[in-house]
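In what follows, a single structure is set out as structure tokens and then discussed.
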């Protein structure tokens, strides 16, 4: 609606946000070099008249109806608000950071990764089930991808 045109996309391999053994150590130096090269290719494309990129995937990518994996908050939470500012969907209210709106949460687990008090977590049973499910698709090395 604002006239923007997506001219490229990158699928960059990183460590999994919940089950850290998948993608551990990624992006590494090799990935960084490749991603910098992707950036140069994208910049070159921008010198001409950019055409809309053909990106794989479904639209909408994922329908969310809430109720996914929502982190629990322990008494270790000091209410610093770091998770509030990190949450991409505003699921953690500024006035009560010890809660999470399960209908808004997209289970990105960013709040867990930024919590310096380690006050946010998932139940061990959920992590075990997720590890088993992801093990079927995440054990092989994945490569970074550039899409035009």
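The values are calculated or read from the model by the stated rules, or taken from the named source; none is laboratory data. Owing to the predicted nature of the structure, the values given are computational and were not obtained by experimental measurement. A quick note on method: Cβ atoms are made from the backbone with ideal geometry, for glycine too, and the neighbour counts reach across all protein chains shown.
One residue alone among 102, 78, 118 is farther than 22 Å from residue 10 by Cα, in a loop (DSSP other than H, G, I, E, B) and free of Cβ contacts under 8 Å to residues at least 40 places away in the same chain, and that residue is 102.
Check whether at least one residue in the stretch 2-13 is out of contact with any strand residue (DSSP E or B) (no Cβ under 6 Å at 6 or more places or on another chain), assigned to a loop (DSSP other than H, G, I, E, B) and closer than 30 Å to residue 124 by Cβ, and report yes or no. Yes: one or more hits.
The residue pairs whose first member lies in the stretch 121-132 and is under 15 Å from residue 107 (Cβ atoms), whose second member is assigned to a strand (DSSP E or B) and at pLDDT 90 or above, and whose beta carbons are closer than 6 Å, counting only pairs six or more residues apart or on different chains, are 121/72. Annotation: residue 61 fulfils all but one of (1) part of a loop (DSSP other than H, G, I, E, B); (2) out of contact with any helix residue (DSSP H, G or I) (no Cβ under 7 Å at 6 or more places or on another chain); (3) modelled with pLDDT of 90 or more; the unmet one is (3). Answer yes or no as to whether residue 142 is surrounded by fewer than 16 Cβ atoms within 10 Å (Cβ to Cβ), in contact (Cβ under 8 Å) with a residue 40 or more places away in the chain, in contact with a strand residue (DSSP E or B) (Cβ under 9 Å, 6 or more places away or on another chain) and not in a helix (DSSP H, G or I). Here the answer is yes, as residue 142 does meet what is asked. Taken over the stretch 96-123, the criterion of being touching a strand residue (DSSP E or B) at 6+ places or on another chain (Cβ under 8 Å), under 20 Å from residue 19 (Cβ atoms) and surrounded by 15 or more Cβ atoms within 10 Å (Cβ to Cβ) is satisfied by 100, 111, 112, 119, 120, 121, 122.
Inclusion of residue 27 among residues that are within 22 Å of residue 145 (Cα to Cα), modelled with pLDDT of 95 or more and either in contact with a helix residue (DSSP H, G or I) (Cβ under 6 Å, 6 or more places away or on another chain) or part of a loop (DSSP other than H, G, I, E, B) (or both) is warranted.
Here is a yes/no grid of residues against (1) modelled with pLDDT of 90 or more; (2) surrounded by 14 or more Cβ atoms within 10 Å (Cβ to Cβ); (3) within 21 Å of the chain's Cα centre (by Cα):
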residue: 4; (1), (2), (3): no, no, no
residue: 8; (1), (2), (3): yes, yes, yes
residue: 13; (1), (2), (3): yes, yes, yes
residue: 16; (1), (2), (3): no, yes, yes
residue: 20; (1), (2), (3): no, no, yes
residue: 35; (1), (2), (3): yes, yes, yes
residue: 40; (1), (2), (3): yes, no, no
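Of the residues in the stretch 74-95, at least one is over 22 Å from residue 131 (Cβ atoms) and in contact with a strand residue (DSSP E or B) (Cβ under 7 Å, 6 or more places away or on another chain). In the stretch 39-51, the residues that are touching a residue at least 40 places away in the same chain (Cβ under 8 Å) form Cβ pairs under 8 Å with partners that are loosely packed, with under 10 Cβ neighbours inside 10 Å and in a loop (DSSP other than H, G, I, E, B), at six or more places apart or across chains, as follows: 50/5; 51/5.
Has the stretch 136-144 got at least one residue that is modelled with pLDDT under 95 and more than 30 Å from residue 30 (Cβ to Cβ)?
No: zero hits.
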